[in-house]
Structure formats: C-alpha cells, structure tokens
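Throughout, read-outs are computed from the coordinates displayed, never taken from laboratory work. Because the structure is a prediction, the values reported are computed rather than measured. Neighbour counts run over all protein chains shown; Cβ positions are idealised from the backbone, glycine included.
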Amino acid sequence: MPFVDVVPVRERHRFDEGALARYLAAHVEGFSGPLVVQQFAGGQSNPTFFLTAGGRGYVLRKKPPGKLLPSAHAVDREYRVLAALAPTDVPVPRVYLLCEDESVIGQAFYLMEWVEGRIFRDPTLPGLAPPERAAIYDAMNQTLARLHRIDFRAVGLEGYGKPGNYFERQIRRWIQQYEASKTEEIESFDALVEWLPRSIPPGDETTIAHGDFRLENMILHPTEPRVLAVIDWELSTLGHPLADLGYNVMGYFMPAGSPQTLGKIDAASGIPPVDAYVRKYCERVGRPPVDDLRFYVVFAMFRLAAIAQGITMRARTGSASSENADTVGGAARSIANEAWKLVRANA
C-alpha cells in the first residue's frame, strides 16, 4: 500500500478487531482477511481507521467512546448522504455498509472505500507552482458549486434536514452546543450571540450543505488538480448554501497562525483573491453576487469557535479523537475574537 498518514490504534479507541473482521467478512462482498487496523493521525471528531485486508484498503468511521453531545457524531447521517450522492457528479467515496449494532465493536460505524490521492492540510499549498494552486482552488470551487446544484429531493434527502430558517436554527443550535461544553467565559463569543440573530440577511435558500467544506476535506488526484472525493460529512444537512461558502472562504479572513488561515496572499501565489473566488462560485451556481459576505464568514467563525469549545471538552473528558485536541480546542477564544473584530471593523 502507498504511504498513508496513520498511527497504531490509540488506547481509548481500541475495539475487538476479530469481531470486526468476522462481521465484515459476512457483510462485505469480497472482504477477506487477515485484517490490519490502524488509525488515521488527523481528525477531531469521529475516530477514523485505515483497514487493510486481502490486499485492499478500506476506511472505517465510528462514533467515539464516552458521553457525547446530543446529535453529535452521527455516523448514520454521514453514511446516508454519501450513499445518496454516489450517482451524482459530486465526488464521494463508495460506502459499503452501516452498522448500528453497538455489540460488534462498541459503537456504531460505517465502512467506505479508501481513495488514494493527495490531502492538503495547509491551504497555502506550499511547494506547488502557482498554476497548480490556481487549478486546485478552481477544482474546489467547482465541487462546491456542484454540491449546491444537486436537487436534494431527487437523491432521496428530503428529510435530511429542515428547510427554511437555517441561520436562526443553526445559531440556536451552536449556542446550545457551546453552553453544553463551556469551560470558560469568552466575551467575544457572547457578543456574537447577540449580533448574529439580528444580522441575518434577507432571503432563504435550501441545498445540501456539507458543513465543513475546506481543502483538507478533499482527496485530490495523485498528480492532477482534480477532486476525487469529498470526505468528512458529519456536519452535513439541508441548509443555506452561503453558509458553506462562508466557511469555505473563512481562511481569507483569519490571522496568521489561526486554523485554516491563508494569511496574506498575492496574485503571484496562484491562489485567487476572495472576491474572484466568490464571483466564480456565483457564476457556477447561477446566483446573483453575494451582498454581505461578512455575515456568512462571521457565522462560520462563530460555529467553528463552538466546535473548538466542544473539542476542548472532549479532550478533558478523554473522548477526543486526536492527540492534539486540547491545543485545537484552545482556539475557541481566538476564533471568536477574530470574528468579533470582523464585525467591529465593518460596523
């Protein structure tokens, strides 16, 4: 197998590998042992494992152990949206099965194909030539537009979320999630709680929303600037497409050292300016220009701060998926601070 960024299964995520091998042999066509299980090094939410058996690679995603926040870590939803998108032009991994019987390995899980390709953790794409950076960003833009053009009813996702009032409902949800995992008072987050509900732009739309649409959640062809698979659909739902767009371009507004920051880019880098990137997306989905991009970016930062707070809580209770969870979770305050700065800068 080519290089895969994996580590031995962490102690708190170990399970009965023999029971898993027997289950997969009985339920997945062509599956044969011996089974080797390793854990992907990255990821902050659902533990993800690299499986090899019979010369083939698979990926398993399961709920983490321990007490979980309500509605979090819904691997059944991930499986459902991947299965629904399989026949569309949105590239996703093939899924083999969903197992909700916790007696097999202790938590619900699903199995999908392993897609060989490149994953870029750094959105500045160091080491690549400017034309390749430009092509990769264009491929990401095209993939987001394809997702938002899908008729969710036609692919069987009509009940995947609640159409309408997306931002009102999401703001309430993430306030609740934040309060459920709060470890300290963050004044800027409290300010966002006040500002966001009264600043929602007019108009409403509903599409399939990925919820975590960024470069790191895509697998690109090993040599071509082409997206082979969009991964990590845990936060997907029926939602407003501009929430995905705001999250996707959030890196343009984050300071150096922050998660997913682009920092200062220039034309020579090959990475498009945010205005050009947003304009291309609008052309592809056939929508008018975005009037208030700031709101959608601030909402994305607000949500990311709430997620980071949840990661902090999981790190302290021992249910986090990644070894660096406490460091990542500690970003909640700085992200909320930057979001509030963006609000104040445009007041």
**Prompt:** Which ³J(HN,Hα) values, rounded to whole Hz and listed in residue order, are derived for the stretch 210-216 from phi using the Karplus coefficients 6.51, -1.76 and 1.60 in 6.51 cos²θ - 1.76 cosθ + 1.60 with θ = phi - 60°, glycine and proline given as x?
**Reply:** 5, x, 8, 7, 8, 4, 5
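With Cβ to Cβ distances under 14 Å as the rule, what net charge do the other residues near PHE15 carry (K, R +1; D, E -1)?
Value of the local net charge: +2.
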**Extreme residue, positive dipole direction of the chain, given options MET218, GLN309, PRO201 (C-beta unit charges)** = PRO201
**Item:** Hz values of 3J(HN,Hα) by residue in the stretch 166-181 - Karplus curve (6.51, -1.76, 1.60), Gly and Pro given as x
**Value:** 4, 5, 4, 5, 5, 4, 4, 4, 6, 5, 5, 4, 4, 4, 6, 10
**Prompt:** Dipole of the stretch 6-113, Cα-centred, from +1 at each Lys and Arg C-beta and -1 at each Asp and Glu C-beta, to the nearest 20 debye?
**Reply:** 280 debye
**Message:** Cut-off under 20 Å on the C-alpha distance; same-chain residues fewer than 8 positions from LYS264 excluded. Which aspartates and glutamates are left, in chain and number order?
**Reply:** ASP122, GLU132, ASP138, GLU216, ASP275, GLU338
**Fill in**
LYS63 neighbourhood, Cβ < 11 Å, K/R = +1, D/E = -1, net charge -3
**Prompt:** Going by the alpha-carbon gyration tensor, a ≥ b ≥ c the square roots of its eigenvalues, is the stretch 38-186 rounded (a/c under 1.5) or, if a/c is not under 1.5, prolate (a/b greater than b/c) versus oblate?
**Reply:** rounded
**Asked** Can you list residues whose amide H is under 5 Å from ARG118's amide H, if they're 5+ apart or on another chain and H is modeled 1.01 Å from N?
**Response** LEU220, HIS221
**Asked** Just going by the charge dipole of the chain, with Lys and Arg at +1 and Asp and Glu at -1 on Cβ, which of LEU157, GLY57, PHE189 is farthest out on the positive end?
**Response** PHE189
**Cβ-placed point charges (K, R +1; D, E -1), dipole of the chain about Cα centre in debye, nearest 20** = 120 debye
**Asked** In what order do LYS162, LYS182 fall by count of nearby beta-carbon atoms within 10 Å, going from fewest to most?
**Response** LYS162, LYS182
**Request:** Please list, or write none, the lysines whose alpha carbon is within less than 29 Å of the alpha carbon of LYS162, excluding same-chain residues fewer than 8 places away.
**Result:** LYS62, LYS63, LYS67, LYS182, LYS280
**Request:** Quote the charge dipole size of the stretch 200-300 about the Cα centre in Debye, to the nearest 20; the model charges only the Cβ of Lys and Arg (+1) and of Asp and Glu (-1).
**Result:** 260 debye
**Prompt:** Around VAL104, what is the net charge, scoring Lys/Arg as +1 and Asp/Glu as -1 over all other residues with Cβ under 13 Å from its Cβ?
**Reply:** -2
